[in-house]
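Below: the structure, in structure tokens.
The values are calculated or read from the model by the stated rules, or taken from the named source; none is laboratory data. Small disclaimer: the values here were computed from a predicted structure and weren't measured. Glycine gets a Cβ as well: all are built from the backbone with ideal geometry, and neighbour counts include every protein chain shown. These area figures cover heavy atoms from the full protein model, side chains too; ligands, DNA and RNA do not enter into them. Shrake-Rupley method; radii C 1.70, N 1.55, O 1.52, S 1.80 Å.
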Amino acid sequence: SGGGRLLDRIRKWYYNAAGFNKLGLMRDDTLHEDDDVKEALKRLPEHLYNERVFRIKRALDLSLKHQILPKDQWVKYEEDHRYLEPYLKEVIRERHEREAWNKK
């Protein structure tokens, strides 16, 4: 449908306007590290965690130099996947379960 395509174009525009992809970051790299996110990060497979650390260090370096990556190295909307989301959902579900149990 036309509305779906328009919504997708708006999402892509917003994604690029946010700018984190120009530093090589993915959406999940920019999450505020509250207790749930910290626990989810502990559960990441080592290779995903190492890739995240690399992207963040590279972004910090670029930011300090007031530079961005060449356009061909920007993370594209279609390539950005929520690598942390399944772990975060599990952590939140467990926390809610624990809170419900403690109310008994």
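Some notes on this structure:
- The residue pairs whose first member lies in the stretch 58-81 and is aliphatic (A, V, I, L, M), whose second member is part of a loop (DSSP other than H, G, I, E, B) and open to solvent by 90 Å² or more (accessible area, probe 1.4 Å), and whose beta carbons are closer than 7 Å, counting only pairs six or more residues apart or on different chains, are 62/68.
- Per-region count, the stretch 51-78, residues in a helix (DSSP H, G or I), open to solvent by 80 Å² or more (accessible area, probe 1.4 Å) and over 18 Å from residue 15 (Cβ atoms): 5
- Unique match (being surrounded by 11 or more Cβ atoms within 10 Å (Cβ to Cβ), at pLDDT 95 or above and not in a helix (DSSP H, G or I)) among 87, 83: 83
- Residues of the stretch 2-42 that turn out to be in contact with a helix residue (DSSP H, G or I) (Cβ under 6 Å, 6 or more places away or on another chain) and among the hydroxyl-bearing types (Ser, Thr, Tyr), as a count: 1
- Residue check, residue 102 surrounded by 11 or more Cβ atoms within 10 Å (Cβ to Cβ) and assigned to a helix (DSSP H, G or I): no
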